[in-house]
1. Express in nm, to one decimal, how much length is gained between residue 2 and residue 129 on full extension, taking 0.36 nm for each residue of separation and deducting their alpha carbon distance.
2. With +1 on the Cβ of every Lys and Arg and -1 on the Cβ of every Asp and Glu, and nothing else charged, how large is the dipole of the chain about its Cα centre, in debye rounded to the nearest 20?
3. Any chance you could list the semi-axes, whole Å, largest first, of the equivalent ellipsoid that the Cα gyration tensor gives for the chain, using √(5λ)?
4. Explain nothing, just compute: Karplus ³J(HN,Hα) = 6.51 cos²θ - 1.76 cosθ + 1.60, θ = phi - 60°, for every residue of region 141-147 in order, whole Hz, x for Gly and Pro.
5. Once the Cβ-Cβ distance between residue 243 and residue 52 is put in as r, and R0 is 45 Å, what FRET efficiency do you end up with, to the nearest 0.05?
6. Quick one: of 33/78; 134/172; 33/134, which pairs are farther than 24 Å apart, Cα to Cα?
7. Identify, among 94, 181, 226, the residue whose Cα sits farthest towards the positive end of the charge dipole of region 78-273, taking +1 on the Cβ of Lys and Arg and -1 on the Cβ of Asp and Glu, with the dipole about the Cα centre.
8. Would you calculate, for the chain, the mean residue ellipticity at 222 nm contributed by helices, counting each DSSP H stretch of 4 or more residues as -39,500 (n - 2.57) and dividing by all residues, to the nearest 500?
Amino acid sequence: MTIIASLLRAAELPDSSTARLDVELLLAAALGKSRSYLHTWPEKIVSSEAALTFASYLQRRRSGEPVAYILGQQGFWKLDLEVAPHTLIPRPETEMLVEAALELLPATPANVLDLGTGSGAIALALASERPDWKITAVDRVLEAVALAERNRQRLHLNNATVLSSHWFSALKDHTYDLIISNPPYIADTDPHLAAGDVRFEPASALVAGHDGLDDLRLIIAQAPVHLDAGGWLLLEHGYDQAQAVRDLLLAQGFEEVQSRIDLGGHERISLGRRPC
């Protein structure tokens, strides 16, 4: 007979800052319960089926597979999103983009474009906060488009539309009040690509040339014709790329160019405004 408390004690994962949290999330999912249930009912008996499911989850985590991919879901902003290995796992630092977008535009009708939407995290977070905004989310990976659309439908966010497009390629002459993106920005020689959870994420959503700036260059170069006068371009980038991104924005004629610092003290996002 196995009880919850003994399973938690016996579970071992490689040392990390989230090891205990990972174990609790995996056990709660195997049981179909919340994490609080584990601590409220530590003496509850675990069925053999749930114990086997938990063991398989642990084995996958020990191999390095991210918890979000094992469980098929990840929290972002105030939303619970379905995730899958053909999209990035939404990260807390990307919520900075959502915060900045909500600051830049009022809660009145606006057209917003999310480039490289992946699971739809940014677009759907904005759609949930601004029902009067019309948000277009695009991705070139068809599986990502389907995933983002499933998330949109499940969350009943009818002010968002998900489309297949490689950056601006399918958008013709449409213009927007705000363009937002968390594009690939890792250099193809970065050793972090072979370490940790990143090993399991799609390279196409991570890598952008020898210096990690290829997609940022393209977006910044092509964005002006898709921005209304006075419209904003808002980008996430690597911790050491802020100056390069600001230089690209200034060279393209953007005004009010600035970067913002994340909780780790790094300049994580940069933005600029198309002249009026």
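1. The residue 2-residue 129 span can extend by a further 41.3 nm.
2. Taking the Cα centre of the chain as origin, the dipole is about 760 debye.
3. 38, 20, 16
4. Ordered by residue, 3J(HN,Hα) equals 8, 4, 5, 5, 4, 5, 5 Hz.
5. 0.30
6. In this structure, 33/134 lie more than 24 Å apart at Cα.
7. Of the candidates, 226 comes out farthest on the positive side.
8. -10500 deg cm²/dmol
Read-outs: derived from the displayed coordinates by stated rules, not from any lab. Bear in mind that the values here come from a model prediction, so they are computed numbers and not experimental data. Virtual Cβ from ideal backbone geometry, glycine too; neighbours counted across all protein chains shown.
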